[in-house]
1. List the residue pairs whose Cβ atoms are under 6 Å apart, where the first residue sits in region 138-150 and is assigned to a loop (DSSP other than H, G, I, E, B), the second is modelled with pLDDT of 85 or more and hydrophobic (A, V, I, L, M, F, W, C), and the two are 6 or more positions apart or on different chains.
2. Which pairs have Cβ atoms under 6 Å, sit 6 or more apart or on different chains, and link a residue in region 266-295 that is exposed (fewer than 15 other Cβ atoms within 10 Å of the Cβ) to one that is modelled with pLDDT under 85 and not basic (Lys, Arg)?
3. So, in region 29-69, of the ones that are within 18 Å of Ala163 (Cβ to Cβ) and surrounded by fewer than 19 Cβ atoms within 10 Å (Cβ to Cβ), which residue ends up modelled with the lowest pLDDT?
4. Do you know which of the residues in region 228-265 that are within 24 Å of Val211 (Cβ to Cβ) and of a type in the set (Gly, Ala, Ser) is surrounded by the most Cβ atoms within 10 Å (Cβ to Cβ)?
Amino acid sequence: MDIRAILLGVVFALMWSSAFSSARIIVAAAPPLTTLSIRFFIAGVIGVVIAKFLGQTFRLTKGQRKSTIIFGIFQNGLYLGLNFVAMQTVEASLAAIIASSMPLMVAFAGWAIFREKLSVLAAIGLLLGFVGVGLIMGLRMTSGADGFGILLCIIGAAALAVATLVVRGASVGGNLMMVVGLQMIVGGICLGIAGVLTEELVVDWSWMFLVAFSYTTLIPGLAATLIWFLLVNRIGTVKAATFHFLNPFFGVLLAALIVGEAMSVFDFAGVFVITIGILAVQLSKQIDRTMDDGC
């Protein structure tokens, strides 16, 4: 893995983790689904315009069309939609920690559903990761965290895991920025319909809301998605997913710095355990891949 790939991975993790804190500011001032839908439409249109400027077209490969629809529905619609609704009552740090368990869900589903081989290192990583998540959720729930909001975060992480399992080929065949823009528009359509049916558009306008909305639209929304696809195209999904082990730490740190969420020693202990678990799972995948290539 070269220096550029490492930089891309760290920047992606920072951007991805920061989205929870900015989302917490947004949902305190505006209806979550409608606001998220508008964000996706804006980011999607910007992405398509940039793609056309770069000479890209709407002619996508079969794999890219599949990726566009599945990522639009599962990642942007279900995962982010459920997280935005949940963060009306759930702290940004807890939402980030639950979302960070996605690589663990992918590894578990690969073993339980698709009968993929699970190494000892991966099994230990899964155990550590889920123990860490359970520790933090248990402590937060005893302190009054909203159980329904936590359930929405878990379902959202599972939806992202499904998208990760079934999507292949998004970064192959060119038109990468076009794929990024179109999958956001797909998500915007899904969330827009849900927002119209369930929400009233009332916004508490402030400079903090405008900054958070603009930042979330352009950085975690557009830039982070593009960086992720570039990273996958450069080093592959398995190696790229290793950078998810940074998300629990960054998510908790940024929530404390940006929105002032209090963190206990037990929270940091849980984050450390989750981080080690995710890293172990991802390293086991790289070891398995290396052994397979060597055979």
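1. Short answer, once both residue conditions are applied: Asp146/Val90.
2. Phe266/Leu139; Arg289/Val238
3. Residue satisfying both the conditions and the ranking: Gly63.
4. Gly251
Per-residue answers, yes or no, for (1) surrounded by fewer than 22 Cβ atoms within 10 Å (Cβ to Cβ); (2) over 19 Å from the mean Cα position of the chain (by Cα):
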| site | (1), (2) |
| --- | --- |
| Gly129 | no, no |
| Gly132 | no, no |
| Gly138 | yes, yes |
| Gln183 | no, no |
| Gly192 | yes, yes |
| Val203 | yes, yes |
| Phe209 | yes, yes |
| Thr216 | no, no |
| Ile219 | yes, no |
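The values are calculated or read from the model by the stated rules, or taken from the named source; none is laboratory data. Since this is a predicted model, take the numbers as computed values, not measurements. Cβ: placed from backbone, ideal geometry, glycine included. Neighbour counts: every protein chain shown.
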